[in-house]
Amino acid sequence: MHTVAVLSLKGGVGKTTVALGIASAALRRGTRTLVADLDPQGNATTSLDPPYTEATLADVLETPARAVLERAIAPSVWSEEVDVLVGAEELELLNEPGPDGRRLENLSRALDELHQRPLREDPYELVIIDCPPSLGRLTKSALVAADSALIVTEPTMYAVAGAQRALEAIERIREEHNPDLRPIGVLVNKLRVRSYEHQFRVAELRENFGSLVMPTAIPDRLAVQQAQGACSPIHEWHSPGAQEIALTFNMVLAKILRSSRAGRHRVRGEEDPTDTPAEVSGNAG
């Protein structure tokens, strides 16, 4: 089981869009997935539209016991292969720093429980944590629990500073709590290919972060909002724009699954052999 934290330290960059896009690619690939909605706004939960649960992720962070987990996880409307660890507004109450550092490990304890004793016969291969757009206790909890972290940014003048702060946060958590954590990349979202400003900012990101910047970006397309509004995976939205985005998310997922690091959260599958990077490699360049 591999756990990836999807984070941004700036709101409005489409972090939840990326988390859902990866989940959609995982569903298309047949990878059993859990989306943990750690953002108090709960947008991932809304788009995945699970049935009512008696508990939420807020309860799990307070008491990471199996009985609480079982009440907080439900199948998404997408498929029984994509489950939701349901978010709630109450998560905001847990986002402030507190004196008890052990509480940072509660999400990790909960995921360990799912890894060691799956809820059903086919265990999760991938856990996607949708983090809030800040570096409070919730995002730190996600980084303590994660195997890898994906930074989402927009091609704006604040992109480099935001990505740098996120990388520094990942490094601090790696040094203090989770030595196996690693950044898997910086993904540019909402790219307008014909915008000189956007191309300039992407080049600036690459100059500063080199190969950490994903070779493709997520183009700015209306199909993303349409699919989310319909509670539908982007891979099932058949407009040309949606299919272009779906291919990019296939590549992002393949990079996540190519992780060769052994450890607690380990994906059973190998790299995705299906989609060819060359098809969309020009999106960001």
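The values are calculated or read from the model by the stated rules, or taken from the named source; none is laboratory data. Computed from a predicted structure; not experimentally measured. Positions of Cβ are generated from backbone atoms using ideal geometry, with glycine treated the same way; all protein chains shown enter the neighbour counts. Ligands, DNA and RNA are excluded from the accessible area calculation, which covers all protein heavy atoms including side chains. Shrake-Rupley method; radii C 1.70, N 1.55, O 1.52, S 1.80 Å.
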Quiz item: Within segment 5-85, which GluC sites (Glu not before Pro) sit in a loop by DSSP and count at most 13 neighbouring Cβ atoms inside 10 Å?
Solution: Glu54, Glu80
Quiz prompt | Sparse-neighbour loop sites [trypsin sites (Lys or Arg not before Pro); segment 78-137; at most 13 other C-beta within 10 Å; DSSP] | solution = Arg120
Quiz prompt | For His2, residues with placed amide H under 5 Å, excluding near neighbours | solution = Leu126, Val127, Arg266, Val267
Quiz prompt | Translational diffusion of segment 106-195, µm² s⁻¹ [Kirkwood Rh, Cα pairs; Stokes-Einstein; 10 °C; 1.306 mPa s] | solution = 109
Exercise. Would you work out what percent of the accessible area of segment 157-247, with all protein chains in place, is carbon or sulfur (probe 1.4 Å)?
Key: 52
Self-check item: Per-residue HN-Hα couplings for segment 65-71 [Karplus 6.51, -1.76, 1.60; θ = phi - 60°; Hz; x = Gly/Pro]
Solution: 9, 4, 4, 6, 4, 4, 7
Quiz prompt | Under 5 Å, built H, 5+ apart or other chain: amide partners of Leu191 | solution = Ile218, Asp220
Exercise. Enter the angle in degrees (range 0 to 90, nearest 10) between the Cα long axis of helix 106-116 and the first principal axis of the Cα atoms of the chain, meaning the one along which they spread out most.
Key: 90
Quiz item: Once both axes come from the Cα atoms, what is the angle between helix 159-176 and the longest principal axis of the chain, in degrees from 0 to 90, rounded to 10?
Solution: 30
Quiz item: What is the magnitude of the charge dipole of segment 2-261 about its Cα centre, with +1 placed on the Cβ of each Lys and Arg, -1 on the Cβ of each Asp and Glu, and no other charges, expressed in debye to the nearest 20?
Solution: 860
Practice problem: Find, among the trypsin sites (Lys or Arg not before Pro) in segment 161-258, those assigned to loop by DSSP (not H, G, I, E, B) with at most 14 other beta-carbon atoms within 10 angstrom. | Solution: Arg192, Arg194, Arg258
Quiz item: Gaussian network model of the chain, Cα springs within a sub-10 Å range: biggest mean-square fluctuation belongs to which of Ser47, Ser239, Ser24?
Solution: Ser239
Practice problem: Specify the angular offset, from 0 to 90 degrees and rounded to the nearest 10, of the alpha carbon long axis of helix 15-29 from the longest principal axis of the alpha carbons in the chain. | Solution: 90
Quiz item: Could you give the distance between the Cα centres of segment 1-61 and segment 171-238, to the whole Å?
Solution: 16
Quiz prompt | Share antiparallel - DSSP beta bridges, the chain, percent rounded to 5 | solution = 10
Quiz item: What list of ³J(HN,Hα) values in whole Hz, one per residue of segment 182-194 in order, does the Karplus curve 6.51 cos²θ - 1.76 cosθ + 1.60 (θ = phi - 60°) give from phi, with Gly and Pro shown as x?
Solution: 9, x, 8, x, 10, 10, 8, 10, 6, 7, 9, 4, 8
Quiz item: Taking a label point 7 Å from the Cα of Ala161 along the Cα→Cβ vector, which residues of segment 128-142 have an amide N closer than 17 Å to it?
Solution: 134-135
Practice problem: Using +1 at the Cβ of each Lys and Arg and -1 at the Cβ of each Asp and Glu in segment 2-261, identify which of Ala227, Asn208, Leu9 lies farthest towards the dipole's positive end. | Solution: Asn208
Quiz item: What area, in nm² and to one decimal, does the C-alpha convex hull of the chain cast on average over all directions?
Solution: 13.4
Quiz item: Which translational diffusion coefficient, to the nearest whole µm²/s, is obtained for segment 34-96 from the Stokes-Einstein equation, given a Kirkwood hydrodynamic radius over C-alpha pairs, 20 °C and 1.002 mPa s?
Solution: 189
